[in-house]
Amino acid sequence: MTAQLNGKVALVTGASSGIGRATAITFARAGAKVVVASRRIAEGEETVNRILDLGGEAIFVKTDVSNAAEVEALVNKAVNIYGRLDCACNNAGFGGAASLITDMLEEDWNRLVDVNLKGTWLCLKYELRTMLKQGKGAIVNVASVGGVVGFASYASYCATKGGIIALTRAAALEYAQQGIRINVVSPGAIETNMLATLPTDALVQLIAKHPLRRSGKPEEIADTIVWLCSEAASFVTGHNMIIDGGYTSH
Ligand SMILES: NC(=O)c1ccc[n+]([C@@H]2O[C@H](COP(=O)([O-])OP(=O)(O)OC[C@H]3O[C@@H](n4cnc5c(N)ncnc54)[C@H](O)[C@@H]3O)[C@@H](O)[C@H]2O)c1
């Protein structure tokens with residue numbers, strides 16, 4: 001079923017590439033006006049231009065999701081320009097360098113937690129304040145299979161993604177009665193810049209562990225995110241949707 005979001009306003013963080021860009025474009029194809037948020041200006045504006053080329057509506061707002069003032073300003077700008085906020089995808093994140101726990105630097109741990117976990121909470125905080133006033137809304141956070149199973153040498157990444165799944169469940173319970181649905185997607189290996197940072201042998205081994213024997217495409221995650229934000233998913237909240245070609249079915 002194609003999600004219909006005509007006239008809705010959707011915000012996507014980390015929308016300058018990969019899953020975030022695909023999600024922004026998929027929201028636009030479904031009829032939503034899109035607020036494209038990311039740190040990288042040229043790449044963020046490129047996402048906006050692709051949406052405009054499709055005949056859609058979008059704006060770019062430079063945002064670092066680990067900065068509370070910038071996240072608050074992002075949501076305010078969405079509301080000032082488009083009048084409301086119906087859907088949000090909190091996608092911005094990064095994997096961090098491979099490191100054993102015993103070798104991990106405190107500053108690297110802090111940055112990963114700041115962006116992936118604190119950034120998701122900050123986005124929820126300001127998006128929810130707006131959605132509560134409207135009495136309606138749908139939010140999808142982006143975690144990872146690394147939040148469900150372990151990846152040796154990526155403990156800090158796994159911890160942030162497991163944290164996002166737990167945060168989503170608690171948030172869904174807090175706001176279900178106020179008409180706001182909050183879900184999380186946990187992708188397996190998806191063809192983006194993030195996956196390209198893995199050494200080739202590690203990538204080959206990782207894909208071999210996916211029963212579908214391939215990596216996923218960003219659009220295959222985007223379609224699910226947009227569906228979760230649509231009325232077609234009106235009875236879905238607090239759910240962790242694993243989209244991993246069967247990786248975690250072993
Ligand atoms: N690619 C995969 O295999 C995979 C698997 C599971 C989960 N994920 C998750 O998907 C999300 C998107 O990653 P991707 O694979 O599309 O990679 P990507 O590197 O293409 O996209 C990450 C995006 O987040 C943005 N970003 C990073 N730090 C930010 C910050 N502080 N503030 C604002 N934006 C910031 C980047 O600029 C970029 O636009 C991430 O949360 C990642 O952990 C990816």
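Think of it this way: in the chain, C89, C123, C158 stand alone, with no other Cys Cβ under 4.7 Å. Exposure proxy for M131, M194: other Cβ atoms within 10 Å of each Cβ, ordered fewest to most, give M194, M131. Calculated [222 nm] ellipticity per residue, helices only, for the chain: -13500 deg cm²/dmol; basis is -39500 (n - 2.57) per DSSP H run with n ≥ 4, divided by all residues, nearest 500.
Taking the Cα centre of the stretch 9-244 as origin, work out the dipole magnitude from +1 charges on Lys and Arg Cβ and -1 charges on Asp and Glu Cβ, in debye rounded to 20.
Details: 22 positive and 23 negative charges, 111 e Å.
Here the size comes out at about 540 debye.
Taking 0.36 nm per residue of sequence separation and removing the Cα-Cα distance, the I41/Q178 pair yields an extension gain of 45.8 nm. The packing ranking of peptides 39-52, 21-34, 3-16, 204-217, highest mean first, is 21-34, 3-16, 39-52, 204-217, where packing means the average number of other beta carbon atoms within 10 angstrom of each residue.
If you run the Gaussian network model on the chain, springs between alpha carbon atoms under 10 Å, then out of V142, V35, V115 the most flexible one is V115. Between K209 and L52, the simple spin-label model (points 7 angstrom out along Cα→Cβ) gives 4.3 nm. Which one, V34, L212, F151, is farthest towards the positive end of the dipole of the stretch 9-244 when Lys and Arg carry +1 and Asp and Glu -1 on their Cβ? Towards the positive end, the residue furthest out is V34. The spacing between the stretch 1-50 and the stretch 175-230, judged by their C-alpha centroids, is 16 Å. Residue order for T63, T248, T224, fewest other beta carbons within 10 angstrom first, comes to T248, T224, T63.
Considering the chain as a Gaussian network with a 10 Å cut-off on Cα pairs, which listed residue, N76, N90, N110, attains the greatest mean-square fluctuation? Comparing N76, N90, N110 in a Gaussian network model of the chain, the most mobile one is N110. When the C-alpha to C-alpha distance is required to be over 20 Å, the pairs from K77/K125; K33/K77; K62/K125; K8/K217 that qualify are K8/K217.
When only C-alpha pairs under 8 Å and at least 6 residues apart count, what is the relative contact order of the chain, in percent?
This gives 20 percent for the chain.
Given 0.36 nm per residue, what is the gain on full extension from H250 to S99 after removing their alpha carbon distance, in nm? Display every interim value, and only then the final one.
Working: separation 151, 0.36 × 151 = 54.36 nm, distance 2.52 nm.
Using 0.36 nm per residue and subtracting the Cα-Cα distance, I get 51.8 nm.
If you run the Gaussian network model on the chain, springs between alpha carbon atoms under 10 Å, then out of A232, A189, A92 the most flexible one is A232. The ranking of F235, F151 from fewest to most other beta carbons within 10 Å of each one's beta carbon is F235, F151.
Ordered by packing density, taken as the mean number of other Cβ atoms within 10 Å over each peptide's residues, highest first, how do 176-183, 79-86, 143-150 rank?
Values: 176-183: 17.9, 79-86: 16.4, 143-150: 20.8.
The densest-packed peptide leads the list: 143-150, 176-183, 79-86.
Considering the options V75, L54, L5, tell which one lies farthest towards the positive end of the dipole of the stretch 1-89, charges being +1 on Lys and Arg and -1 on Asp and Glu at the Cβ, about the Cα centre. It is L5.
Read-outs: derived from the displayed coordinates by stated rules, not from any lab. What you see is a predicted model, and the numbers here were worked out from it, not measured in a lab. Glycine gets a Cβ as well: all are built from the backbone with ideal geometry, and neighbour counts include every protein chain shown.
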